[in-house]
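To start, the structure itself, in structure tokens.
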Amino acid sequence: MTPRFPAGIPGDMIYKLFTTPEWQALRSDGRTMGAPIDLSDGYIHFSTADQVVETAAKHFAGVEGLWLLGVDDGPLGEALKWEVSRGGDRFPHLYAALTLDQVDWAQPLPLVDGAHQFPAGLE
């Protein structure tokens with residue numbers, strides 16, 4: 001899959017942050033149960049548009065080679081649960097594998113002066 005920028009940020013889009021090796025594994029295998037923290041927790045962590053920048057800063061500060069994946073939450077069905085987490089916010093958690101065909105788009109998040117650069121609408 002070639003990285004592409006979103007044309008717009010739909011309201012039902014959720015976001016996953018992956019390192020380059022995690023993104024490459026998903027592209028190669030066609031599916032993933034997530035990053036090590038996801039495997040440990042038993043679900044794949046996602047963020048909403050309002051949460052993803054803080055998630056990157058909190059869990060991926062200074063990490064080079066980070067990727068932002070956009071996923072439409074509708075097709076994930078009942079495997080997607082909205083659960084209270086950080087600060088009382090409800091976060092989307094996927095209790096199933098994420099398949100490559102469920103990823104609507106992916107793009108690298110370059111570091112500039114120590115901060116990840118998000119696409120317009122998410123910064």
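Which condition number does Glu54 fail, the rest of (1) assigned to a strand (DSSP E or B); (2) under 15 Å from the mean Cα position of the chain (by Cα); (3) loosely packed, with under 14 Cβ neighbours inside 10 Å; (4) charged (D, E, K, R) being met?
Result: Glu54 fails condition (1) only.
Using the structure shown, decide if Gly34 is under 16 Å from Asp101 (Cα atoms), touching a residue at least 40 places away in the same chain (Cβ under 8 Å) and assigned to a strand (DSSP E or B).
Values: under 16 Å from Asp101 (Cα atoms): yes; touching a residue at least 40 places away in the same chain (Cβ under 8 Å): yes; assigned to a strand (DSSP E or B): no.
Against the criterion (under 16 Å from Asp101 (Cα atoms), touching a residue at least 40 places away in the same chain (Cβ under 8 Å) and assigned to a strand (DSSP E or B)), Gly34 does not qualify.
When only residues in region 71-91 that are at pLDDT below 95 and within 19 Å of Glu22 (Cβ to Cβ) count, which is farthest from the chain's Cα centre (by Cα)?
Result: Leu76.
Among the residues of region 71-123, write down those that are among the small types (Gly, Ala, Ser), loosely packed, with under 14 Cβ neighbours inside 10 Å and in a loop (DSSP other than H, G, I, E, B).
Gly114, Ala120, Gly121
The values are calculated or read from the model by the stated rules, or taken from the named source; none is laboratory data. The model shown is predicted, which means the values in this text are computed figures rather than measured ones. Reconstructed Cβ throughout: ideal geometry from the backbone, glycine too, with neighbour counts over all protein chains shown.
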